[in-house]
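Structure, as C-alpha cells:
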Amino acid sequence: MGGLANVIAVTGIGVISPHGDDHEAMFAALMRGESAIHELAGDSPNARPAPVATAAFDPAPWFTPLQLAGVDRVSQLAVAAAQKALTDANAENACDARRIGVYVGCGMGGCAAVETAYVFGLRNGRVPPLSVPASMPNAPAAHVAMRVKATGPVLTYSVACASSAVAIGEAAKAIRCGEVDMAIAGGSEAPIAPGSIRAWQAMQTLALFEPGNAASSCRPFAIERTGFALGEGAAFLILESSAHARARGARRYAELSGYGLSCDATHLTKPDATGQQAAIRNALAQAGLQPQDIGYCNAHGTATRIGDVVESEALGALWGKDIDRLRVSSTKSMHGHLIGAAGALEAAITVLALHRSQLPPNANCDNADPACRLNLVRNAGESAPGLGAAISSSFAFGGSNAVLVFQRT
Amino acid sequence: MSSLKKLQDLLHEKYSIDPATLDPDASMLEQGIDSLALAEFLFDIEDRFGIEFPDARADVNSLSGLARLIDEIKAAQTA
C-alpha cells in the first residue's frame, strides 16, 4: 500500500500534557526549552524521590462526580485530550458515528486503581467494586468512545513505549483500507502512583538527580545521562483521508505518509539497532521517501545508557554520510516519558514542528556522548523553514519498534 | 440522625446530588445513577456504617429501602 496516493491528513490535535492542555502553548514552552519535570517525594521514608512530569489536570470540567465512578485518571486524561482533538478539528458531527474509529495506546492501564485495590484488599480485605473496569487497559478507549459516541472500531494497543505510535499507525491503516472515515488516535498514561514509581526505579531506568535539579535530570544523548523522568498525560490526533479532510474544508496540520513496524525479537528490554533500522526503513518505504528527505527526527531518546547509543547507531547506519543533515531531538528531556502515551505526544510535537517550521530542542545536553553521533537540536527557538518531512520513533520494551513519517501539507 | 438522612448526606458528599432532586422511594437506577455508580455507593455505605449487605438483598436500590435495610442489619448486630 503505497505512499503519496494514500496520505492521511492530521486535522486535529488534543493534549493533556505536562506542559498544559493547550497544544500550541505546549509547543511554545518546548521551543523555549522549558522542562516540566520536577521532583516527587517518596511515598514513605524508605522510598527515594523520583523525577516526574505530571499533568495539572482537573477532571471537574470534564466529568460530574457521578460520571467519575470507576474512572481511573488514565481514562479521564484520555477523554479530555480526545475531546479537545475533536474540537480542534472542528469535527463534531462531521462524520457518521459508525464510520469513526477510536485507536488508543496504553501501556499500564489504570495502574492507580490496581494499587488502590491491593492497598484496600491488604488492609481490610475489601476491594473497591469498580477496580476491574477502572484498571482494564481498554477503559480509556471505551470512555472516549462513549464520550464522543463513536460506534466504529474501538481498539486498544498495549505495546509498552510504542503503544500510541502503533495506535496512530493502525488508525491510518484502517482509514486507508476504507474501514473508517475518521480516526481519533492517540494514547493515555497515568503512571504516577507509588507502586509504579518504585517499579520503574527498581528497573534502574529513572534519572538520578541532586536535590533541586530534577528539572534537568533527563539528559538524552549526553555523556552524563542516567535515565528518564516518568511522565503522565494523553495526546490524540484526528486522522482522516486527505480527500475527506478537503471535502469538509478541514485545516490540515500535516500528513501522515508512513508507518513502519518491526520487532527486534532478541531481548525483552535491550534495544537492537537492526530492528530499529527495519522499522524506520519500512516507514520511509511506505512514505516513498529516502533518509535524506527527512529533516527532523523526534527520537525515542530515553536517556538510558544503552538506548541512546543503539538509536544513534540505527540512525547512523541508515543515514550514512547524510547523518548531519538530520536534526534530532528527544523532547522527553522536557516532558518526561509518557510510556504508552509517549508516541502520541511526540507525534503531536512532530506534527507541530512541521506545521510551524520549528525544531524543539534536545534539552540538557551540553556534553554530547561521542558514541551518539547525531546533529542534535541544541538550542531553544530554532526555526527550520525548509522542513518538509519528519519522523517520530518509538521503541518499546518487548522489542517492538514503531516509526511514523509526517510531511508538510 | 436517621439512616436515610445519612445516606442522603453521603450521596451529596460523594456525587454532589441534592437530596431534594432524588425521590427516596424510587429506584436510584431510574434516576440517573447507573449500576456501576450504585455498586460504588453501596461499597461506601458498607464502609461508613460498618455493615455488609447480604447478597440476598441485592435488589434493594432505593434510598429509603437501603435505609430500612441498614437499620435491620444494625438491629441484628446489636441484638
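The values are calculated or read from the model by the stated rules, or taken from the named source; none is laboratory data. None of the values given here were measured: they were computed from a predicted structure. Cβ: placed from backbone, ideal geometry, glycine included. Neighbour counts: every protein chain shown.
Taken together, the residues in segment B:5-18 that are within 13 Å of chain A (Cβ to nearest Cβ) and either outside any helix (DSSP H, G or I) or surrounded by fewer than 14 Cβ atoms within 10 Å (Cβ to Cβ) (or both) amount to 4. If you go through segment A:38-87 one residue at a time, how many are among the charged types (D, E, K, R), surrounded by 21 or more Cβ atoms within 10 Å (Cβ to Cβ) and either more than 14 Å from chain B (Cβ to nearest Cβ) or not in a loop (DSSP other than H, G, I, E, B) (or both)? Total satisfying the criteria: 2.
For segment B:34-56, check the following and say yes or no: at least one residue is touching a strand residue (DSSP E or B) at 6+ places or on another chain (Cβ under 6 Å), small (Gly, Ala, Ser), free of Cβ contacts under 8 Å to residues at least 60 places away in the same chain and at negative phi. No, segment B:34-56 contains no residue that is touching a strand residue (DSSP E or B) at 6+ places or on another chain (Cβ under 6 Å), small (Gly, Ala, Ser), free of Cβ contacts under 8 Å to residues at least 60 places away in the same chain and at negative phi.
Answer yes or no: is there a residue in segment A:354-363 that is in contact with a Cys (Cβ under 9 Å, 6 or more places away or on another chain) and not hydrophobic (A, V, I, L, M, F, W, C). Looking for residues that are in contact with a Cys (Cβ under 9 Å, 6 or more places away or on another chain) and not hydrophobic (A, V, I, L, M, F, W, C), one finds none in segment A:354-363, hence no. Right, A:Ala28: assigned by TED's automatic domain parsing to the domain that holds A:Pro211, part of a helix (DSSP H, G or I) and crowded, with 24+ Cβ neighbours inside 10 Å or not? No; evaluated as a whole, the condition is false for this residue. For segment A:159-202, enumerate the residues that are part of a loop (DSSP other than H, G, I, E, B) and buried (at least 19 other Cβ atoms within 10 Å of the Cβ). Across segment A:159-202, the qualifying residues are A:Val159, A:Val180, A:Asp181, A:Ala190, A:Pro191, A:Ile192, A:Ala193. For segment A:296-313, state whether one or more residues are surrounded by fewer than 20 Cβ atoms within 10 Å (Cβ to Cβ) and among the small types (Gly, Ala, Ser). Within segment A:296-313 (the criterion being surrounded by fewer than 20 Cβ atoms within 10 Å (Cβ to Cβ) and among the small types (Gly, Ala, Ser)), the answer is no, since none of the residues qualifies. Inside segment A:270-298, residues that are under 15 Å from A:Ser394 (Cβ atoms) and not in a helix (DSSP H, G or I) make up a count of 4. Taken residue by residue, segment A:56-73 has at least one member that is in contact (Cβ under 8 Å) with a residue 12 or more places away in the chain, basic (Lys, Arg) and closer than 24 Å to A:Ile168 by Cα. When A:Arg147, A:Arg98 are checked against the criterion of being closer than 17 Å to A:Ala174 by Cα, of a type outside the set (A, V, I, L, M) and assigned to a helix (DSSP H, G or I), A:Arg98 stands alone in meeting it. Taking segment B:19-41 as the range and being under 22 Å from A:Val71 (Cα atoms) and either assigned to a loop (DSSP other than H, G, I, E, B) or under 11 Å from the mean Cα position of the chain (by Cα) (or both) as the test, the residues that pass are B:Met28, B:Gly32, B:Ile33, B:Asp34, B:Leu38, B:Ala39, B:Glu40, B:Phe41. When you check A:Pro129 against the structure, is it at pLDDT 95 or above, farther than 11 Å from A:Ile184 by Cα and within 14 Å of chain B (Cβ to nearest Cβ), yes or no? It is true that A:Pro129 is at pLDDT 95 or above, farther than 11 Å from A:Ile184 by Cα and within 14 Å of chain B (Cβ to nearest Cβ). Can B:Leu42 be described as surrounded by 15 or more Cβ atoms within 10 Å (Cβ to Cβ), out of contact with any Cys (no Cβ under 6 Å at 6 or more places or on another chain), away from every other protein chain (no Cβ under 12 Å) and at pLDDT 95 or above? No. Would you confirm whether or not segment A:59-66 contains a residue that is at positive phi and either polar (S, T, N, Q) or modelled with pLDDT of 95 or more (or both)? No, that holds for no residue.
For segment A:262-298, a residue qualifies if it is closer than 28 Å to A:Ala363 by Cα and acidic (Asp, Glu), and the qualifying residues are A:Asp272, A:Asp293. Could you say which residue among B:Asp25, B:Asp71 is among the acidic types (Asp, Glu) and either within 14 Å of chain A (Cβ to nearest Cβ) or loosely packed, with under 13 Cβ neighbours inside 10 Å (or both)? Unique residue meeting the criteria: B:Asp25. Scanning segment A:134-154 for residues that are within 14 Å of chain B (Cβ to nearest Cβ) and crowded, with 20+ Cβ neighbours inside 10 Å yields A:Ala134, A:Ser135, A:Ala139, A:His143. Consider segment A:199-234. How many of its residues are closer than 16 Å to A:Ala41 by Cβ and among the acidic types (Asp, Glu)? The qualifying residues number 1.
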